[in-house]
Amino acid sequence: MLKTRREFVMSTLGIAGVGALGFRNLNLEGATTSKNEPGVLFEGIAIAPRSGVQESVLKRLEDRRYWLLFGEKSHLVKKSSNDHGRTWSQTVAVKQTDGSAIRLAHDTPHLSILHLKSGRLGMVHGGPISRPGRDGTVLFRTSDDNGKTWSKETAIDPIFAVCRTQAARVLSTGRIIVPVMKWISPYTGGNSEDESNNLCYSWVYYSDDEGQTWQRSLSELLVFLDRGRRGYTHFEETVVEELSDGTLLMFGRTELGRPYQSISDDQGISWTTPKPVQLASSYAPSTLMRIPSTKDLLVAWNQTSTEEMLTGLNRHRLSTAISKDEGKTWTHFRNLESLDDRVRIEPPRGEPEVYRMEKYAYLQPADRARYPHAPGCVRVCYPTIAIAKDEVTFAYDYGLGTGELAKQHATKVKIVSMDWLYGRV
C-alpha cells in the first residue's frame with residue numbers, strides 16, 4: 001500500500017521516543033547552526049527527540065509568558081516559559097472546564113491560539129477523525145480564564161478539513177479567519193493523502209460572533225496551470241495575514257518551487273486566483289506574521305532550489321525574510337538552519353512546473369563541499385513564531401539528522417534579535 005506523507009515520516013523514525021523533558025541545551029549531534037553567531041540569543045531543545053514529527057505551536061500570551069502546545073497520545077498538552085522560550089516547565093495537560101482532556105486527531109494538533117476582541121482567548125484545533133481515510137475535524141473553543149481551562153468545542157468543520165498550525169487570525173474588525181484545506185481522492189484509505197493520489201484545495205471559514213457560528217468563503221482555491229489547459233495542482237496549508245488597508249494576504253504551499261498567494265478585499269469572503277510569490281520554496285508551508293514594532297511582514301519558510309526538491313533536501317534550509325511593502329517584495333534573507341551557507345535561492349523561471357521526487361525521501365547531501373555543515377537535520381520545518389519588543393522566538397520541527405536525531409524529531413527553539421532579523425549584525 002502506498003504511504004501517506006505522515007505515514008512515510010513515521011515509518012522512517014522507528015525508534016521509540018524519549019520522554020519529554022522540561023528543557024535540554026542544544027548538545028545533540030546534527031546541530032547545524034553557529035553557536036557564536038552575532039544576534040543569535042539562544043538555541044535549545046524544548047521537546048526531546050522522539051518518534052513522529054513534532055509540529056508544536058508557540059504562543060506569546062503576555063510579556064515573558066509563552067506556551068508551547070503539542071499532542072501526546074492524541075491529547076493536547078503544553079509547556080510554559082517565563083523567559084521567551086529559554087527554559088520550559090514540565091508538560092501538563094490542557095483541560096476543558098469540566099476537567100476532561102482535549103482530544104486530537106493526531107499528536108500534530110493543527111492549532112492556533114487567538115486573542116479575541118472581547119479579551120477572551122480562542123483556540124482552533126484539529127479534532128477526532130469523523131470520516132475514515134481522511135484527516136480530522138476542525139474545532140473551536142474559548143477560554144475565560146486566560147487559558148487555564150477551555151469551553152466545550154464548537155465545530156467549524158465537523159467532517160474533514162485541516163487548518164495549518166498558527167494559521168488562524170483575528171482581524172481588526174474582530175472577525176475570526178480560519179484558513180483550511182482538504183484533499184479529494186478516489187482512494188478511501190490513508191493512501192488518499194499521498195500527493196500523487198489527490199488534489200488539495202483551500203478555502204476559509206469566518207465568524208463574526210467570536211466562534212459561536214461559522215460561515216464558509218465563496219471561493220475555493222487551487223492552482224490553474226495555463227488556465228487549466230495543463231491541469232491543476234495543489235494549493236494547501238494556507239496562512240493569512242491582514243494588510244494595513246484591510247486586505248487579506250494568503251500564502252499557500254505548492255509543488256511548483258514557490259509559494260503561491262491569493263488576496264481578499266472583502267474580509268475573506270472571496271479570493272483571487274492564486275499567483276506565484278517571488279520566493280523559492282519546497283513543498284512545505286510558510287509562516288506569515290506581522291512584526292508589531294515595525295509593521296513589516298515576516299515570513300519563515302523552507303527556501304529550497306528545485307534541484308534540492310528532487311534530491312531529498314526539501315527541508316534542510318529554514319529561512320526568514322522581511323517585506324516592507326505589504327508582501328510585494330522580500331529582503332533581509334537569513335537562515336535559521338541550513339546545511340550550506342546560501343541565504344538566497346532564486347525561484348524557478350519559465351512556465352510553472354511540478355517538482356516531485358519519484359520516491360519521496362529525506363536524504364543527506366552527497367556533496368559535502370557544497371554542503372559543509374552536513375551531515376545534519378534534513379527535516380527542519382513547520383516554524384511557529386512569537387515576537388517580543390526586541391527579539392523573536394522560533395519553534396520548529398528538527399529531525400532526521402545524526403546521533404539521537406537520526407530517526408527521531410525534536411522541537412527546537414531559536415531566539416534571535418531584531419538586528420539579526422534585519423541583517424544589521
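The numbers here are math on the coordinates, done by the rules we state, and not lab data. Just so we're clear, the structure is a prediction, and the values are computed from it rather than from any experiment. Neighbour counts are summed over all protein chains in view; Cβ atoms, including those assigned to glycine, are modelled from backbone coordinates with ideal geometry.
Modelled this way, with points 7 Å down the Cα-to-C-beta line, the labels at residue 325 and residue 212 are 4.4 nm from one another. For the chain, the dipole from Cβ point charges (+1 on Lys and Arg, -1 on Asp and Glu) about the Cα centre works out to 540 debye, to the nearest 20. Would you please give the FRET efficiency between residue 424 and residue 89, computed as 1/(1 + (r/R0)^6) with r the Cβ-Cβ distance and R0 = 45 Å, to the nearest 0.05? So, using R0 = 45 Å, E works out to roughly 0.85. Modelled this way, with points 7 Å down the Cα-to-C-beta line, the labels at residue 131 and residue 354 are 2.0 nm from one another. In plain terms, the residue of 70, 160, 394, 235 with the fewest other Cβ atoms within 10 Å comes first and the most crowded comes last, giving 160, 394, 70, 235.
The simple Förster model, with R0 at 56 Å and r as the Cβ-Cβ distance, assigns residue 80 and residue 224 a FRET efficiency of 0.80.
If you plug the beta carbon distance of residue 311 and residue 118 into 1/(1 + (r/R0)^6) with R0 = 60 Å, you get a FRET efficiency near 0.75.
Per-residue ellipticity at 222 nm computed for the chain from its helices equals -1000 deg cm²/dmol, with DSSP H segments shorter than 4 residues left out and the rest contributing -39,500 (n - 2.57). Within straight-line reach of residue 148, meaning a Cα separation under 28 Å, sit the following lysines at least 8 residues removed in sequence or on another chain: 59, 73, 78, 79, 95, 117, 389, 412, 414. Placing dummy labels 7 Å off each Cα toward the beta-carbon, the span from residue 272 to residue 37 is 3.3 nm.
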